[in-house]
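Written out below as structure tokens is the structure these notes cover.
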Amino acid sequence: MRYITQIHLEGGALHEHISRLRWREGNAVGETSREELVQWVKNGGNVAVETLPPDVRVEVIDARPPYLRTKANGVLTDNLLELPRF
């Protein structure tokens, strides 16, 4: 499971403006663009927000362009926007 730890926003304060994300997976840490993480999730990668239970997964919202958002119990949430910024 890859866990998002921080986000970077550009041009606004909503999910659509998350441009980069920092993550950890086991002992590995990294940083990636929104576009790269969208593709990773679409290809079957599992992503969650670090500070939440693992059942609160990050999902792709099919917009133009696609963006990421969490969904808990079938309800879209703002958990990504509550993470620390870099």
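Just so it is clear, none of the values below were taken in a lab; they were calculated from the coordinates. Since the structure is predicted, the reported quantities are computational estimates derived from the model, not experimental observations. Ideal geometry is used to build each Cβ from the backbone, glycine not excepted, and the neighbour counts take in all protein chains shown.
Counting 0.36 nm for each residue step from H17 to R57 and taking away their Cα separation leaves a gain of 12.5 nm.
Can you tell me the relative contact order of segment 2-82? Whole percent, Cα pairs under 8 Å, sequence separation 6 or more. Value for segment 2-82: 26 percent.
For segment 2-82, the direction-averaged projected area of the alpha-carbon convex hull comes to 5.0 nm².
Just name one of I18, W40, V60: the one whose Cα is farthest towards the positive end of the charge dipole of segment 2-82 (beta-carbon charges, Lys/Arg +1, Asp/Glu -1). Of the listed residues, the answer is W40.
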